[in-house]
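Working notes for the structure below.
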Amino acid sequence: MNFKKFAALCMACAALTATAQTHQEGAEYYKADQIENAKDLLLRSLNNPQTDKSVSDYYLGLIAIQEGDKAAAAKYFSEGVAANPDNGYNYVGQGELKLMAGDAKGAEADFKTAEKLAKKDAGISIAIARAYDRVDPLVYEKQIAKAVEKARKTNMQHPDIYLFEGDVLRAQKDWGGAAGKYEMAANYDNNATQAYVKYANLFTMVNPDFAIKMLQNLLQVNPNSALGQRELANAYYNKKDYAKAAAEYGKYVQNPSHFKQDEDRYAFLLFYGGDYQKGYDYATALLKANPKHFTAQRYQYMNAANIPAMADQLLPMAENLYAAHKADPKNNKFAAIDYILISGELQNAKRPDEAVEVLKEAIREMPDNATFNKQLASLYVDENDLASAADSYQEYLAKIDNAGYNDYVQQAIYAYYGGAQNIQSDPAKSTKYFDLSTKYANMARELAANQYKPVKILGDIAIAQAPNDEARKSAGQPLYEEAIVLLENSVDPSKYTSDAKTIYSYLGNYYAMQKDNAKAREYFNKYLTLDPGNQGVIDFVQRLK
């Protein structure tokens, strides 16, 4: 046999092996209580040549019972018997349906048929116990106990015994007892994937390290278990270790038994794990396979936004993503980050009207998210509409529970400029925003009495609201005097050069007007320490001498 033929044969065998795994893993997912995933795998592999159809039919029948579709369950069990009359489990399924219908004798007959076909299989007795338990654990308490006892006599080390007992204890919220039973199941059969998973699921939220250790043990025994790979990735995710979760998902999505929706989770984890280039490449590959893959489009853009070399490509990506969202908003939903990134990109592109519309939609869709209001305020500042900035920031403050000094100062600044912008055009509106600024400056002052900024803002307001130019020359003096003392006592004025120069200049002019040249020179000389080359101030100081 030449090399090419040999390689082709190996690839074919590998493909058949991967296919054969799926129905087995479907059963594992069912036993691990992941019904929807089990159904997906079982249906996916139902007509594959390597699938034992009678096994798939049994589990599909049990799933149909849980879904409340007895007709579908009967069909699956009947087809399972036809596919392999010697598989006793489908008779257990038929017996469960009779039990549900009140035909206890008919159910017992089916259970006996199943036991005759599997005399050495303790698992068949546990399947019967589960059938009784699902229908009514109190009415059939004796039958359940009898079936479990028979399983022990057949093979006391069969993992299904301890899995069932663990499930019973779990239902009673005896978490420790359940964990002990699941651990016994894994010890008796280290290939009992569902035992490891059920044990891990008890701890994954409260002690993820326990869960991770158990799942690592599973993958040492069965490194190709899709269920084990997926659960380990989720355990890391629950621990908020996104980088390790992404690494495990990277292995899992290569498994032929992975679920398509988990590709989205992998893209999510690559992004939140900070692996932006890999996340971008993965999302791009998904888009090549399916250009309408909206989630892949989202993560392609989100990752690209964090790759400096892609800055020039962001705007068209943002436009295309927003267009896809608007074309089908019901199915193509955004998270908060999408709105933030797209509005920011439009803002950078000097398209403020569009950026505002994106943020307004975000506020309509997620009214409790204060971040949108904060960004909208910033956008209005860039457009020099400070009144609207103050309005938006006011909504932001109303939505947060932990507003503090910096928030109050920021709103005092926005509102001050909102008032200043409207002095001539709309005096009433101007007064409204000056009053709002005063309110928040005083709130900030109460929180931090040693900080200069709130006092300086109050001085700014006093000057702005003075009735004429002459009054403005002295209106801010008391507050500016207080502010500069606070500033000089707390930090080096050079750290706040703009504010310090404003105060020094104002007070220098004030004292010059009062003919107090010594005091005027004092403030102007302080000004010159911050701006020593200002010839106009130098000349004025010389004249004061």
Among the candidates Lys142, Lys119, Lys150, Lys146, which residue alone is in contact with a helix residue (DSSP H, G or I) (Cβ under 6 Å, 6 or more places away or on another chain) and surrounded by fewer than 17 Cβ atoms within 10 Å (Cβ to Cβ)? Lys150
Unique residue being farther than 29 Å from Lys39 by Cβ and either touching a residue at least 24 places away in the same chain (Cβ under 8 Å) or buried (at least 18 other Cβ atoms within 10 Å of the Cβ) (or both) when the list is Phe271, Phe259, Phe294: Phe271
Under 6 Å between Cβ atoms, at least 6 apart or on separate chains: pull out the pairs that start in segment 461-485 with a residue that is closer than 16 Å to Asp499 by Cα and modelled with pLDDT of 95 or more and end on any residue that is of a type in the set (Lys, Arg) and assigned to a helix (DSSP H, G or I). Ile463/Arg472; Ala483/Lys456
Would you confirm whether or not segment 56-72 contains a residue that is charged (D, E, K, R), out of contact with any Lys or Arg (no Cβ under 6 Å at 6 or more places or on another chain), within 23 Å of His158 (Cβ to Cβ) and buried (at least 23 other Cβ atoms within 10 Å of the Cβ)? yes
Out of curiosity, is Gly166 at pLDDT below 95 and in a helix (DSSP H, G or I)? no
Restricting to segment 356-393, count the residues that are farther than 30 Å from Asn331 by Cα and either in contact (Cβ under 8 Å) with a residue 60 or more places away in the chain or in contact with a helix residue (DSSP H, G or I) (Cβ under 7 Å, 6 or more places away or on another chain) (or both). 10
Under the condition of being in contact with a Leu (Cβ under 9 Å, 6 or more places away or on another chain) and within 16 Å of Ala83 (Cα to Cα), which residue from segment 37-50 is surrounded by the most Cβ atoms within 10 Å (Cβ to Cβ)? Leu42
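To keep it simple, each residue is scored yes or no on (1) under 40 Å from the mean Cα position of the chain (by Cα); (2) in a helix (DSSP H, G or I); (3) in contact (Cβ under 8 Å) with a residue 24 or more places away in the chain; (4) more than 17 Å from Ala129 (Cα to Cα).
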position: Leu42; (1), (2), (3), (4): yes, yes, no, yes
position: Thr51; (1), (2), (3), (4): yes, no, yes, yes
position: Leu60; (1), (2), (3), (4): yes, yes, no, yes
position: Ala74; (1), (2), (3), (4): no, yes, no, yes
position: Ala82; (1), (2), (3), (4): no, yes, no, yes
position: Asn90; (1), (2), (3), (4): no, yes, yes, no
position: Gly95; (1), (2), (3), (4): no, yes, yes, no
position: Gly102; (1), (2), (3), (4): no, no, no, no
When you scan segment 254-273, do you find a residue that is more than 23 Å from Asn320 (Cβ to Cβ), small (Gly, Ala, Ser) and over 17 Å from the mean Cα position of the chain (by Cα), even just one? yes
If Asn331 meets every condition in (1) under 22 Å from Asp281 (Cα atoms); (2) exposed (fewer than 15 other Cβ atoms within 10 Å of the Cβ) apart from one, which number is that one? (1)
Any chance segment 467-484 includes a residue that's of a type in the set (Ser, Thr, Tyr) and surrounded by fewer than 16 Cβ atoms within 10 Å (Cβ to Cβ)? no
Condition test on Val139, is it modelled with pLDDT of 95 or more, assigned to a helix (DSSP H, G or I) and not aromatic (Phe, Trp, Tyr)? no
Here are some residues: Glu36, Glu79, Glu67, Glu28. Which one is among the acidic types (Asp, Glu), at pLDDT 90 or above and touching a Ser or Thr at 6+ places or on another chain (Cβ under 7 Å)? Glu28
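The values are calculated or read from the model by the stated rules, or taken from the named source; none is laboratory data. What you see is a predicted model, and the numbers here were worked out from it, not measured in a lab. Positions of Cβ are generated from backbone atoms using ideal geometry, with glycine treated the same way; all protein chains shown enter the neighbour counts.
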